[in-house]
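Structure first, then comments.
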Amino acid sequence: MILVTGGEGLVGSNISGDDLIVTDIVNGCKEHLDVTDAVATEAVIAKYNPDAVVHCAAWIEPDQCERDPINCYRTNVMGTINVARACRAVGAKLVYVSTQLIFDGKKRTPYVEDDPAEPLQQYGLSHFCAEQYVKALDNHIILRTSLCHGQCSNGRRYGFVYWVLDSLEAGKEIQVVDTLWTTPTDIKDFGRCIRTLIDRDATGTYHHAGDRYLSRYAYAVLAAEHAGLDASLIKKTNLSVLMKKWVATRPLYAGLNCDKITMDHGIQASDALAWLNGSLRQSGRAPRSMLRRTRASRK
Ligand SMILES: NC(=O)c1ccc[n+]([C@@H]2O[C@H](COP(=O)([O-])OP(=O)(O)OC[C@H]3O[C@@H](n4cnc5c(N)ncnc54)[C@H](OP(=O)(O)O)[C@@H]3O)[C@@H](O)[C@H]2O)c1
């Protein structure tokens, strides 16, 4: 049995299996669990006595974390300590979902697991601190990912690329920065990756993210062209415009290298174009490659 914290969120709701206990702080969740409550965390985990706990409960908004670091640490660090202690008490494996934002973005190529962490903001620092407590457990996995896209169980869509496609479809011009590089990830692939690592009884630190290392601008253009939308509506903008709106600093280059997880467990990086195909179909749009095929088959 696998227990998930923050299980109604994007990552938690994309882990599959009929042996899942989904817990969350949100209203209406089947098993309510606030991970900042040490007693409740220990009680809920002891009640189900799971083989593994996938810990997704967190504050995930960098600007919110920067504005309120105390409560960010309460959830992201103290919450993780509570979950780790409860896992130790029942002998469960702890799978901790972490982020590319533990890196400073000065390395131009995607980061590998052993690259030194140098977080630029409270969000990344809180994840880096939490990782240290997770490492104190023998049976743990730290799994870092970057810029996930997809849908939650409540149907809510998460991801920058949805904003791009919706705007272009409405004929709206958009401004996108050409400087923030990352490896966008299909949340379904990431959910499958978590499941595979648990099923294989893996341990240690891994990266799992997308197979394309792109700037936001390049990703927006790729998505537009793939969807047959007008990419000329995407205008390059200067990072300084965005920086005025942000409270937390973001790394310029923050992709993740997935070679280790492929080598150790045969798990491939997430396929960015396959994700676009799937999401376009889901939203009723036909990917351009499909349109071409459809037109050709009519001839
Ligand atoms: N999504 C990404 O692109 C991405 C990339 C890299 C790493 N990650 C990491 O992956 C993990 C999961 O992220 P996600 O994208 O699934 O985020 P999410 O959709 O916001 O899910 C997190 C869930 O945890 C809940 N939560 C917040 N505080 C809690 C508490 N004290 N106790 C229990 N649950 C609590 C949230 O409830 P509320 O919504 O009510 O706050 C939400 O339902 C996080 O650690 C995140 O930093 C995500």
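We did not get these values from a lab; they are worked out from the coordinates using the rules stated. Since we're looking at a predicted model, the values are computed, not measured. Positions of Cβ are backbone-derived with ideal geometry, glycine not excepted, and every protein chain shown enters the neighbour counts.
Is the shape of the chain rounded, prolate or oblate, going by the alpha carbon gyration tensor and its root eigenvalues a ≥ b ≥ c, with a/c under 1.5 for rounded and a/b larger than b/c for prolate? Prolate, since a/c reaches 1.5 and a/b exceeds b/c. Spin-label pair ASP19-ASP271: with each label point 7 Å from Cα along the Cα-Cβ axis, the two points sit 2.8 nm from one another. Working ranking of peptides 205-211, 49-55 by packing, defined as the average number of other Cβ atoms within 10 Å per residue, highest first, is 205-211, 49-55.
Here the extension length gained between TRP246 and THR196 equals 14.4 nm, from 0.36 nm per residue of separation less the Cα-Cα distance.
Considering only PRO116, PRO69, PRO251, the mean-square fluctuation computed in a Gaussian network model of the chain, springs between alpha carbons under 10 angstrom, is largest for PRO116. When the range 2-294 is described by a simple charge dipole with +1 on each Lys and Arg Cβ and -1 on each Asp and Glu Cβ, the residue from VAL112, LEU33, GLY91 located farthest towards its positive end is VAL112. As a calculated quantity, the FRET efficiency between LYS30 and ASP63 at R0 = 41 Å, using C-beta atoms, amounts to about 0.85. Of the trypsin sites (Lys or Arg not before Pro) in the range 23-76, the ones in a loop by DSSP (not H, G, I, E or B) with at most 12 other beta carbons within 10 Å are LYS30. Can you tell me which aspartates and glutamates have their Cα less than 12 Å from the Cα of LYS172? Leave out same-chain residues fewer than eight positions away. Within the straight-line cut-off, LYS172 pairs with ASP230. Residue exposure proxy: THR36, THR145, ordered by other Cβ atoms within 10 angstrom of their Cβ from fewest to most, comes out as THR36, THR145. Rounded to the nearest 10 degrees, the angle from helix 38-48 to the longest Cα principal axis of the chain is 90 degrees. Ignoring lysines fewer than eight residues from LYS135 along the same chain, the ones with Cα atoms less than 16 angstrom from its Cα are LYS93. Using the average count of surrounding beta-carbon atoms within 10 Å as a protection proxy, the listed peptides 181-190, 238-247 rank, highest first, as 181-190, 238-247.
Sites listed here are GluC sites (Glu not before Pro) in the range 123-200 whose DSSP assignment is loop and whose Cβ has at most 11 other Cβ atoms within 10 Å: GLU173.
Close amide H pairs (under 5 Å, H built 1.01 Å from N) link LEU256 with TYR111, THR183, residues at least 5 positions away or on another chain. Between THR99 and THR145, the built amide H atoms are under 5 Å apart, and every one of these is 5 or more places off in sequence or on another chain.
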